[in-house]
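One structure is given here, and the rest of the page talks about it.
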Amino acid sequence: MATGDDRHDALTPGLYDHLLTAALEDRIRRLKDPGRAVVAEVDPDEAHAAVAQYLEHLLSASLSSVRGREHADRRRRLVARLVETIGEELGPAWSGRLRLADPLGRLLAVHAGGDHPDRPDTPLARSALLTGTRLDPSLASQLGKEIAAADRVDILCSFIRWSGLRLLMGALEQLTGTPCGGGPRLRVITTSYMGATDPRAIEALRALPNTAVRVSYDTQRTRLHAKAYIVHRDTGFGSAYIGSANISRAALSEGLEWTSKISQYELPYMWRKINATFETYWNDEEFEPYEEASAPRLREAIRREREHTPIAGGELPSFDLRPYPFQEEILDALAAEREVQGKHRHLVVAATGTGKTMIAAFDYRAWADGKRPPLLYIAHRGEILEQALGTFRAVLRDQNFGDVLAGGADPPQRDHLFCTIQSYNSRGLWRLDPRRYGYVVVDEFHHAAAPSYRRLLDHVRPGVLLGLTATPERSDAMDVLHWFGGEPSAEIRLP
């Protein structure tokens with residue numbers, strides 16, 4: 001029977017978390033230098049959990065070594081002795097009540113009325129990991145079964161798509177169909193993050209009875225990336241699904257999302273932390289109650305996220321904008337190419353809604369290192385340039401940064417120029433010194449195979465050339481990767 005501390009071989013150097021036993025102390029003494037073993041007292045407040053974990057490990061090892069029908073009596077006698085001893089410690093009121101039934105059985109449900117909901121495919125009393133592979137049930141199927149047999153549900157995710165919500169609507173309608181004393185049966189926290197949330201989905205949730213929805217409209221400050229589906233049961237057999245899946249069809253039923261299912265019965269301390277954290281978010285003023293009158297505000301927040309315009313009416317934000325974690329990864333990749341590989345031409349492939357312009361603005365800010373070196377931003381439409389200029393001004397916290405050259409406009413300065421490709425050619429900017437602009441951005445780079453773009457790219461010699469595109473595979477893109485050594489610098493696509 002292996003308990004992790006009773007082997008006779010030498011202790012391998014590394015980290016441990018064993019409770020000290022006589023066997024383990026003997027192994028420590030046999031080390032060449034026993035002083036290299038780090039031993040600490042167990043915190044009295046944690047002692048009961050540590051001892052219970054040790055006993056669970058010991059019991060599991062002991063009982064698993066007793067196999068076959070001929071050993072069933074031996075196993076039963078062992079458990080009976082242990083239960084009797086525990087019952088004596090608890091007092092006379094428990095005498096005989098803890099004895100296991102013979103044959104061994106489980107109580108699986110007590111049904112209310114005629115409803116017999118399907119059980120989840122993983123045990124309620126044990127935690128599990130869903131990996132999105134064919135060997136595991138889909139997250140959508142498990143959430144549907146969990147919700148259908150729940151008393152209350154709390155959901156926390158960055159965005160909600162109708163394609164994913166409709167997979168759960170039947171179970172959610174069943175859950176919310178009857179009142180719940182003292183509060184809603186369904187609580188949902190979400191955001192306008194990346195403009196990915198579908199207003200139709202939020203409206204559908206709001207319309208459910210006995211439901212409360214809260215939304216953060218300021219994703220630069222909130223930065224919520226947690227995803228949790230917390231299923232409460234008055235029986236004490238709740239489940240919490242924690243992982244990477246937002247409510248979208250791809251995440252719930254098709255993607256390779258990893259999701260940990262936490263059993264309330266098995267891990268009560270983890271369950272308490274999950275619920276306490278959700279309550280903290282629920283009571284945070286950043287997450288505002290969503291009501292029927294909130295719909296226009298949500299649509300506007302989503303529009304601004306999708307168009308990468310974090311400011312309205314030309315007003316600068318009162319706080320420094322910061323990149324999202326996935327944007328930081330791209331920025332790190334660009335910096336690494338420059339500093340390690342000596343590359344200064346970068347192509348970023350980023351899906352619509354992921355903030356390509358924000359990435360460019362953050363990269364320029366980092367590269368400029370507090371200065372304002374000349375910048376040229378090229379796009380094929382004036383409205384794209386207006387949005388890009390607003391983004392750069394917001395990131396740089398400079399209302400006077402840059403001007404647009406498009407159509408008949410004649411900007412007062414050309415040090416930081418947001419220019420259409422048509423104006424670049426018609427105004428003769430290709431006659432300027434090739435090194436006039438230290439940082440050049442070409443938006444929607446899949447157009448770069450056109451002659452008008454080739455004149456630009458053949459001419460400029462900036463310190464940094466940054467190409468942005470969402471669709472490098474478009475038929476009109478031809479071969480644009482040769483400008484960047486044959487491959488993108490970074491890539492991110494939405495599911």
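The values are calculated or read from the model by the stated rules, or taken from the named source; none is laboratory data. Owing to the predicted nature of the structure, the values given are computational and were not obtained by experimental measurement. Because the Cβ atoms are built from the backbone with ideal geometry, glycine has one as well, and the counts that use them run over all protein chains shown.
For the range 422-441, the candidate set comprises residues that are assigned to a loop (DSSP other than H, G, I, E, B) and touching a Lys or Arg at 6+ places or on another chain (Cβ under 8 Å); within that set, the residue that is farthest from Pro373 (Cα to Cα) is Pro434.
Residue count for the range 109-145 satisfying the condition of being touching a helix residue (DSSP H, G or I) at 6+ places or on another chain (Cβ under 6 Å) and in a loop (DSSP other than H, G, I, E, B): 4.
Among residues of the range 445-460 that are within 13 Å of Gln422 (Cα to Cα), those with a Cβ under 7 angstrom from a residue that is hydroxyl-bearing (Ser, Thr, Tyr) and surrounded by 15 or more Cβ atoms within 10 Å (Cβ to Cβ), sequence gap 6+ or separate chain, pair up as His447/Tyr453; Leu456/Tyr424. Of the numbered criteria (1) in contact (Cβ under 8 Å) with a residue 12 or more places away in the chain; (2) more than 30 Å from Glu300 (Cα to Cα), the one Asp136 fails is (1).
Taking the criterion of being in a helix (DSSP H, G or I), crowded, with 17+ Cβ neighbours inside 10 Å and at pLDDT 80 or above, the residues of the range 454-480 that qualify are Leu456, Leu457. Looking only at the range 375-404, which residues are farther than 16 Å from His344 by Cα, not in a helix (DSSP H, G or I) and not aromatic (Phe, Trp, Tyr)? The answer is Ile378, Ala379, His380, Arg381, Arg397, Asp398, Gln399, Asn400, Gly402, Asp403, Val404. Checked against (1) among the acidic types (Asp, Glu); (2) over 22 Å from Leu456 (Cα atoms); (3) modelled with pLDDT under 90; (4) surrounded by fewer than 18 Cβ atoms within 10 Å (Cβ to Cβ), Glu383 meets all criteria but (2).
The condition of being assigned to a loop (DSSP other than H, G, I, E, B) and of a type in the set (Lys, Arg) holds for only one of Arg106, Arg74, Arg81, that being Arg106. Close contacts from the range 363-382, counting a first residue that is among the aliphatic types (A, V, I, L, M) and a second that is surrounded by fewer than 16 Cβ atoms within 10 Å (Cβ to Cβ) and assigned to a helix (DSSP H, G or I), with Cβ to Cβ under 8 Å and a gap of 6+ residues or different chains, come to Ala366/Ala335.
Of the residues making up the range 168-193, those that are charged (D, E, K, R) and assigned to a strand (DSSP E or B) number 1. Could you check the range 249-285 and list, in sequence order, the residues that are at pLDDT 90 or above, under 18 Å from Ser158 (Cβ atoms) and either buried (at least 17 other Cβ atoms within 10 Å of the Cβ) or hydrophobic (A, V, I, L, M, F, W, C) (or both)? Once the filter is applied, which keeps residues that are at pLDDT 90 or above, under 18 Å from Ser158 (Cβ atoms) and either buried (at least 17 other Cβ atoms within 10 Å of the Cβ) or hydrophobic (A, V, I, L, M, F, W, C) (or both), the range 249-285 yields Leu252, Trp258, Thr259, Ile274, Phe278, Tyr281, Trp282. Considering only residues in the range 88-108 that are touching a residue at least 12 places away in the same chain (Cβ under 8 Å) and surrounded by 10 or more Cβ atoms within 10 Å (Cβ to Cβ), the one that is nearest to Ala140 (Cα to Cα) turns out to be Leu100.
The residues of the range 11-36 that are within 25 Å of Glu56 (Cα to Cα) and of a type in the set (A, V, I, L, M, F, W, C), listed by number, are Leu11, Leu15, Leu19, Leu20, Ala22, Ala23, Leu24, Ile28. Applying the criterion of being modelled with pLDDT under 85 and among the aliphatic types (A, V, I, L, M) to the residues of the range 431-453, the residue that is nearest to Met358 (Cα to Cα) is Ala448.
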